[in-house]
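Shown next, in structure tokens, is the structure this report addresses.
The values are calculated or read from the model by the stated rules, or taken from the named source; none is laboratory data. Everything numeric in this text was worked out from a predicted model, so none of it was measured. Ideal geometry is used to build each Cβ from the backbone, glycine not excepted, and the neighbour counts take in all protein chains shown.
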Amino acid sequence: MEKAKYAVWESRGRCNEQPDSDDRSPWQRDRDRVVHCSAFRKLQYKTQVFVTREGDFYRTRLTHSLEVAQVARSIARALGLDEDLTECLALAHDLGHPPFGHAGEAGLNEALKDFGGFDHNDQSFRVVTQLEQRYAAFDGLNLSWEALEGLAKHNGPLKNPPPTIAAYDAKNPLDLHGQTSGEAQIAAFADDIAYNTHDLDDGLRAGLFTFEDIADLPVIGDLLRAAQMLTSAENRIRHELSRAVINTLVHDALVESKARLGILQPQCAEDIRNAPGPVIGFSEEMRKANIRLKQFLFTRMYRHWRVNRQSHKAQHVTKTLAGLLLHHPELLPDDWRERAGRKGDTEQAASVVRDYVAGMTDRYALDEFSRLTDPSVPA
């Protein structure tokens, strides 16, 4: 499908000038830079909900990001928006997540509460603008303005941006108060679709709830009954259900988004950025059904006693690691200790500890925790 006139066509450029490519668009280059960076590879060993050693089939941050990208590209193609920019944002949106998912984030945030806490969206922005060091002339991945805008406003317009994004915006304005591009809105929306769908699948697979438990959920219950008419095999029912849920959510989003675009009649990408609200979304009926699903997953999955135990341990690990290293930066490896600066510079130490712990995979965090707290484990 040809790109629509309201798609992103021209780039506002990069912070550090680089020659254009004859073979790839700016957003194809952005996507490729994300895929090849070390933070993206680490997502393979960062938890979504279950700690990686719980099983081989549960989602990780990497598989989640790939699923988000698949959903996002499908929506972008159907609406005539730029698929490569959309895919780049979908793949990059979780680069700043620490080990152990939201439990790890909570522990890190608690340990660093006197130094601004921790925000994974801000950390994702920090990864692509500072922490990745793949070029001789500058830090970061030097992504396009459009990619950085989409990452900064992943959850919508920012009235009170977190520190890294605020500092960057002060030098290179990202129009934080306005809507973002249609491509970025799709990436954020696909995140929500993929998150709910695969958590429903993982929860069923793990036995945290049953088909009977979800039979009364709006939309989900009807799709479940349709799947059960096709087969009696539980694993096949689960797969049929997951596929049907994604198809139903995406179809509803396309119908609603086309209606919103029809009302707005945008003539360029800026018309979408200047719109009073997002152009990508669910119908009111589906929005309410999605809220019900989120509420169900919160009570029956994210607060299940088995998940609570893992979350408690995970939060303890990241909080302990960050707290210990913050007060004893001399325990950091050589290169990180040098970055922490002179003793007593707690602001600098907190920044380094934040980056060090957030960059860990689940298993590295567990190993480092053992090395720093268990006398029987070699340092």
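Take the conditions (1) surrounded by 14 or more Cβ atoms within 10 Å (Cβ to Cβ); (2) under 25 Å from the mean Cα position of the chain (by Cα); (3) more than 24 Å from VAL250 (Cβ to Cβ); MET301 misses just one of them, which is (3). With respect to (1) touching a Leu at 6+ places or on another chain (Cβ under 9 Å); (2) not in a helix (DSSP H, G or I), the lone exception for ALA184 is condition (2). Residues that are assigned to a loop (DSSP other than H, G, I, E, B) and either farther than 18 Å from GLU132 by Cβ or within 25 Å of the chain's Cα centre (by Cα) (or both) within the range 18-39 comprise PRO19, ASP20, SER21, ASP22, ASP23, ARG24, SER25, CYS37, listed in sequence order. Return a yes/no flag: does the range 4-11 have any residue that is in contact (Cβ under 8 Å) with a residue 12 or more places away in the chain and touching a strand residue (DSSP E or B) at 6+ places or on another chain (Cβ under 8 Å). There is at least one residue in the range 4-11 that is in contact (Cβ under 8 Å) with a residue 12 or more places away in the chain and touching a strand residue (DSSP E or B) at 6+ places or on another chain (Cβ under 8 Å). For ALA76, indicate whether it is over 21 Å from GLN44 (Cα atoms) and in contact with a Ser or Thr (Cβ under 8 Å, 6 or more places away or on another chain). Spelling it out, ALA76 is indeed over 21 Å from GLN44 (Cα atoms) and in contact with a Ser or Thr (Cβ under 8 Å, 6 or more places away or on another chain). Looking at ALA340, ALA365 in this structure, which one is surrounded by 14 or more Cβ atoms within 10 Å (Cβ to Cβ), out of contact with any strand residue (DSSP E or B) (no Cβ under 7 Å at 6 or more places or on another chain) and free of Cβ contacts under 8 Å to residues at least 24 places away in the same chain? Of the residues listed, the single one that is surrounded by 14 or more Cβ atoms within 10 Å (Cβ to Cβ), out of contact with any strand residue (DSSP E or B) (no Cβ under 7 Å at 6 or more places or on another chain) and free of Cβ contacts under 8 Å to residues at least 24 places away in the same chain is ALA340. Residues considered: ASP199, ASP213, ASP122. Of these, the only one that is of a type in the set (Asp, Glu) and either under 23 Å from VAL8 (Cα atoms) or modelled with pLDDT under 95 (or both) is ASP199. With respect to GLY150, determine if the residue is under 17 Å from SER181 (Cβ atoms), in contact (Cβ under 8 Å) with a residue 60 or more places away in the chain and assigned to a loop (DSSP other than H, G, I, E, B). Here the answer is no, as GLY150 does not meet what is asked. For the range 353-361, check the following and say yes or no: at least one residue is assigned to a helix (DSSP H, G or I), outside the structural domain of ASN121 (by TED's automatic domain parsing) and surrounded by fewer than 14 Cβ atoms within 10 Å (Cβ to Cβ). Checked against the condition, which is being assigned to a helix (DSSP H, G or I), outside the structural domain of ASN121 (by TED's automatic domain parsing) and surrounded by fewer than 14 Cβ atoms within 10 Å (Cβ to Cβ), the range 353-361 yields no hits at all. When GLN267 is tested against the conditions (1) closer than 29 Å to LYS46 by Cα; (2) loosely packed, with under 15 Cβ neighbours inside 10 Å, the lone failure is (1). Apart from one condition, GLY221 fits all of (1) over 30 Å from GLU270 (Cα atoms); (2) assigned to a helix (DSSP H, G or I); (3) touching a residue at least 24 places away in the same chain (Cβ under 8 Å); the exception is (3).
Residues that are crowded, with 16+ Cβ neighbours inside 10 Å and touching a Pro at 6+ places or on another chain (Cβ under 9 Å) do occur in the range 10-27.
The residues listed here are THR231, THR248, THR164; of these, the one that is modelled with pLDDT of 95 or more and outside any helix (DSSP H, G or I) is THR231.
Residue pairs, Cβ under 7 Å, 6 or more apart or interchain, first in the range 300-320 and closer than 20 Å to ASN109 by Cβ and touching a residue at least 24 places away in the same chain (Cβ under 8 Å), second part of a helix (DSSP H, G or I) and aromatic (Phe, Trp, Tyr). List them. Within 7 Å, the pairs are VAL317/PHE369; THR320/PHE369. The one condition from (1) modelled with pLDDT of 95 or more; (2) part of a helix (DSSP H, G or I); (3) surrounded by fewer than 20 Cβ atoms within 10 Å (Cβ to Cβ); (4) of a type outside the set (Phe, Trp, Tyr) that ARG306 does not meet is (1).
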